[in-house]
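Down below is the structure, laid out as structure tokens.
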Amino acid sequence: MGSLLQDLKYGLRMLGKSPGLTMVALLSLALAIGANTAIFSFVNALILRSLPVEHPEALVIFGPGLASGNSDGFPDDDTWLFSYPIYREMQQRNQVFSGVAALSSFHNDLHGTVGGGGDLERMEAELVSGTYFDVLGVKPERGRLFTDADDQTLGGHPFAVISYKWWSSRFSRDPAVLGKSLTLAGTVYTVIGVTPPSFFGTTVGDAPDLWLPLQMHDLINRGPHKISVKFYRSLDIIARLKPGVSVAKANANVNVVFKDILRDYAGPKPSEEHTKDIQKAHIQVLPAANGISFLRDQFQKPLWMLMAIVALVLLIACANIANLLLARGTARQREFAVRLALGARRARLIRQLFLESLLLAALACVLGILFASWANRFLLAVVSAGPNIIPLDVTPDTRVLAFTVGVSLLTAVLFGMLPALRSTRVELTPSLKEGRGAVAAQVPRSLGRTLIISQVAISMVLLVGAGLFLRSLVNLARVNTGFNAEGVLLFNLDSHATGYTDEAHQGSLYRQVEERLSALPGVKAAGFTQWTFTLGGWNEPAWPEGMSARPAFDITAWYDPVGPGYFAAMGLPILVGRGFGPEDTASSPRVAVINETMARRFFPGGSAIGRRFGMGEPAHSHDVEVIGVVRDAKYQSLDEEPRAMAYYPYAQYIPDWGIGLYLPHLVVRYSGDPQAAASEVRRTIGEINSRLPIWSVETLKERVNNSIVFPRLVAELSAFFGGLAVFLACLGIYGSTAYAVSRRTNEIGIRMALGARQVDVLRMVMRETVALVGVGVGIGVPVALASGRWAASLLYGLKATDLATILVAVLALLAVAAFAGFLPARQAAKVDPMVALRWE
């Protein structure tokens, strides 16, 4: 232990004697380790971390859990959403689960009051079955949680369980919170329990404020859909496996039970179509230890891509520091020879050098964790793309800290062991002589060249990737959205909070708001809509009049009920026909405005104006008349393919459509200052109905920009790390070339004394440098092409083998690397021959 402490103290002194090398190595290592830790923190939070529940490895989910919304059709193919009756049947008939639970596939953003009154507050609620907490194995922090008895009677148990986080932020952890009342959509709920601090729900990145029993569904969602309907499918189903039951066995049992349920629901004489649907119907039972996560599905591949990028940056940093330590170790060979001559063992010298590397890695580890903690907050804010930060816990846990320490130890081995082994392999007699010539002759240059080539090759891969992601981002930013995003405000409202439960009152409220807002100075147009860009959609088959059999083309169309001012507010021009007007009332013939794609696909060979179509079944093909064609637009994302779209006037809402007259979005086109316009809209809506809350406001341009926040983040981070990799590689080239030149000063002096010109020396040094870089580029380009297929799905508007991007990356790397080698070569060319000859 005494000798170990002595070596540590000596190692610190030696690092302090080379402050330049120490700082370069420390900063590059800290940045690389911090970047790896930050990205791994997101990988851990989204992909690896298990739910904070009892034995999460025994949990499974029906389907991938990636659907959100509802469907009312007969199940077929792979089924992702389920009805409440199907959940109950599965609970009773299965033979492989110790418990089955259901939860709504979407959260409800509600506005209500706490206690007896007060201002409306936004509350995010999740509807769950009474078995939900029991299946998960969650114990209450206070009070009690739901039981199956709380979920038996429709609307009969208005209870609420609140989250620990909401209890802390809203109630300041008031012990008397149990028994408090919450008024939501006209129903008073009693708080019966608080969940433990670690529990956020089952959806990673989405933490509700409270949970309500599923049997309260019809009082929360007052549309036409009822929880008791057999094929109103809006639920996810999770279950806990019995001990000893495998996922494969559960799969088999669940699908047998599911088909039996569908046969019962289809009746004694099922139609031919239902018989086919039953044969195709399938549920994929999947492990659910890590919970449900839409973020995981969206970000999983980009995160692993970033993880690979930062790992390559770490390798470059290690190769660079290994090269510097190799040169430094060569310069210390006389010191090592003296120590060996005085009786030191080679193993002691290796330990000494490795401890110095370990000290460097340990210091970089501490700085890296500090950098990662800042980077985590920054990345989470960027990914959240708005003022509301995604409730994702990216703070380092035991796994992340173990990863960081492991990476630090690995880096110490990668950049420390080879230089230590090389530097301590000395011959005593030549090394103890005066001068450097004998030592210089022993310097192993092959390892240094290999390290330079590897840095250049990896930099080439990262530079090509950065170029592809940047060009893809530019292509996305240039996409024609179809609408005019300039000067548009988007308001999210909750008309449920008004207490109106019928379509007549809701429609009257919407019309009044639109008319009052349109009359405001500076407001050019205003219109309600059920969907806005990136916030969901509603689709069903569309049947043109005269078509009785399903055609070869895709007849799926998307629908949106909108107000008369919607097209003007969005900047969507009517190309043919007209938009909606006061003549389109609930009692007038049903009409629709369709987009170009729907007109071209469903009504080829002529004008679509005056043609008819219907939703769902061929029997409805004459229901709706086309009165206008609007320009194609983007609806869910900038990289989506063109889709058939039909707009209806919300005044002609038909309950059979099954969507409910709930229009949560208001689009306002304005001129002037956006904040002033937003304030005026808020004031006007407050005058019309003070119980109509506005819970978010943003510009349409912000919404469009936020839709590509992750492609932008990937492009910017890959560009940053690609640039860092090139910088580290060039630093290695510069250091290696400068060191080689300094060791060859005597040789250069002899060459110049014998008649070599400065340009000859410059050409000699540059030839070697360019040769190394050329070999690295030659290796890196094929590797970049081979690895490009992993990034192909993340690109838009170009291929992973784009030659222009690869050529620019090659030229850029050659130019920067040549400059890094030129600086020491130029110094070598200026050497005075007489000074060089006296160098020994």
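The values are calculated or read from the model by the stated rules, or taken from the named source; none is laboratory data. In this text the structure is predicted, and so the values were computed from the model without any measurement. Here Cβ is always computed from backbone atoms with ideal geometry, including for glycine, and neighbour counts include all displayed protein chains. We work out accessible area using only protein heavy atoms, side chains counted, and drop any ligands, DNA or RNA first. Shrake-Rupley method; radii C 1.70, N 1.55, O 1.52, S 1.80 Å.
The condition of being touching a residue at least 12 places away in the same chain (Cβ under 8 Å), touching a Gly at 6+ places or on another chain (Cβ under 7 Å), more than 27 Å from LEU31 (Cα to Cα) and open to solvent by less than 20 Å² (accessible area, probe 1.4 Å) holds for only one of ALA825, ALA800, ALA791, that being ALA800. Only one of the numbered conditions (1) part of a loop (DSSP other than H, G, I, E, B); (2) under 16 Å from SER246 (Cα atoms) is violated by VAL60, and that is (1). A Cβ distance below 8 Å, combined with a sequence gap of six or more or placement on separate chains, defines the contacts here; from segment 697-719, residues that are over 22 Å from ARG682 (Cβ atoms) and in contact (Cβ under 8 Å) with a residue 24 or more places away in the chain reach residues that are open to solvent by 60 Å² or more (accessible area, probe 1.4 Å) and not aromatic (Phe, Trp, Tyr) in the pairs ILE708/ALA477; PHE710/GLN298; ALA715/LEU470; SER718/LEU470; ALA719/LEU470.
Given the criteria over 27 Å from LEU59 (Cβ atoms) and touching a residue at least 60 places away in the same chain (Cβ under 8 Å), does VAL254 qualify? When the stated conditions are applied, VAL254 does not pass them. Picking from LYS180, LYS139, LYS226, LYS230, which residue would you name as being within 21 Å of VAL114 (Cβ to Cβ), out of contact with any His (no Cβ under 7 Å at 6 or more places or on another chain) and not aromatic (Phe, Trp, Tyr)? Just a single option satisfies the conditions, and that option is LYS180.
Being touching a Pro at 6+ places or on another chain (Cβ under 6 Å), open to solvent by 20 Å² or more (accessible area, probe 1.4 Å) and among the acidic types (Asp, Glu) narrows it down to one of ASP639, ASP632, so name that one.
It is ASP632.
Out of curiosity, is PRO582 over 13 Å from LEU663 (Cβ atoms) and part of a loop (DSSP other than H, G, I, E, B)? So PRO582 passes the test. Inside segment 665-693, residues that are at pLDDT below 90 and either in a helix (DSSP H, G or I) or of a type in the set (A, V, I, L, M, F, W, C) (or both) make up a count of 1. If the condition is being open to solvent by 40 Å² or more (accessible area, probe 1.4 Å) and of a type in the set (Val, Ile, Thr), then segment 271-328 contributes only THR275. When SER246 is tested against (1) under 30 Å from ALA160 (Cα atoms); (2) hydroxyl-bearing (Ser, Thr, Tyr); (3) without any contact (Cβ under 8 Å) to a residue 12 or more places away in the chain, only condition (1) is not met. Among the residues here, GLY722 does not qualify as in contact (Cβ under 8 Å) with a residue 40 or more places away in the chain, in contact with a Leu (Cβ under 6 Å, 6 or more places away or on another chain) and more than 23 Å from LEU314 (Cα to Cα). Restricting attention to segment 172-198, the residues that are more than 32 Å from the chain's Cα centre (by Cα) and surrounded by 14 or more Cβ atoms within 10 Å (Cβ to Cβ) total 14. The strands (runs of 3 or more DSSP E) located wholly in segment 474-577 that include 3 or more residues which are open to solvent by less than 60 Å² (accessible area, probe 1.4 Å), modelled with pLDDT of 90 or more and small (Gly, Ala, Ser) occupy 523-529.
Taken together, the residues in segment 131-145 that are of a type outside the set (Ser, Thr, Tyr), within 18 Å of TYR84 (Cβ to Cβ) and open to solvent by less than 10 Å² (accessible area, probe 1.4 Å) amount to 2.
ALA619 passes every criterion in (1) out of contact with any Lys or Arg (no Cβ under 8 Å at 6 or more places or on another chain); (2) surrounded by 16 or more Cβ atoms within 10 Å (Cβ to Cβ) apart from (2). All of ALA725, ALA719, ALA784, ALA756 fail the test of being open to solvent by less than 60 Å² (accessible area, probe 1.4 Å) and over 30 Å from GLY34 (Cβ atoms), apart from ALA756. When segment 236-261 is examined, which residues are found to be in contact with a helix residue (DSSP H, G or I) (Cβ under 6 Å, 6 or more places away or on another chain) and buried (at least 23 other Cβ atoms within 10 Å of the Cβ)? Within segment 236-261, ILE237, ARG240 meet the criteria.
Looking at SER83, is it open to solvent by less than 10 Å² (accessible area, probe 1.4 Å), touching a Lys or Arg at 6+ places or on another chain (Cβ under 7 Å), in contact (Cβ under 8 Å) with a residue 24 or more places away in the chain and farther than 22 Å from GLN300 by Cα? When the stated conditions are applied, SER83 passes them.
For every residue, the table says whether it meets (1) more than 28 Å from the chain's Cα centre (by Cα); (2) assigned to a helix (DSSP H, G or I).
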{"site": "ILE733", "(1), (2)": "yes, yes"}
{"site": "SER736", "(1), (2)": "yes, yes"}
{"site": "LEU762", "(1), (2)": "yes, yes"}
{"site": "GLU768", "(1), (2)": "yes, yes"}
{"site": "SER787", "(1), (2)": "no, yes"}
{"site": "LEU798", "(1), (2)": "no, no"}
{"site": "THR801", "(1), (2)": "no, no"}
{"site": "ALA815", "(1), (2)": "yes, yes"}
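One residue stands out among those in segment 86-103 that are open to solvent by 10 Å² or more (accessible area, probe 1.4 Å) and of a type in the set (Gly, Ala, Ser): the one that is nearest to the chain's Cα centre (by Cα), which is GLY99. Note on segment 464-513: residues that are touching a strand residue (DSSP E or B) at 6+ places or on another chain (Cβ under 6 Å) and more than 16 Å from THR532 (Cβ to Cβ) total 1. Of all residues in segment 260-279, none that is over 12 Å from PHE74 (Cα atoms) has its Cβ atom under 8 Å from the Cβ atom of a residue that is open to solvent by 100 Å² or more (accessible area, probe 1.4 Å) and assigned to a helix (DSSP H, G or I), 6 or more apart or on another chain. The residues in segment 149-165 that are part of a loop (DSSP other than H, G, I, E, B) and in contact with a strand residue (DSSP E or B) (Cβ under 6 Å, 6 or more places away or on another chain) can be counted, and the count is 2.
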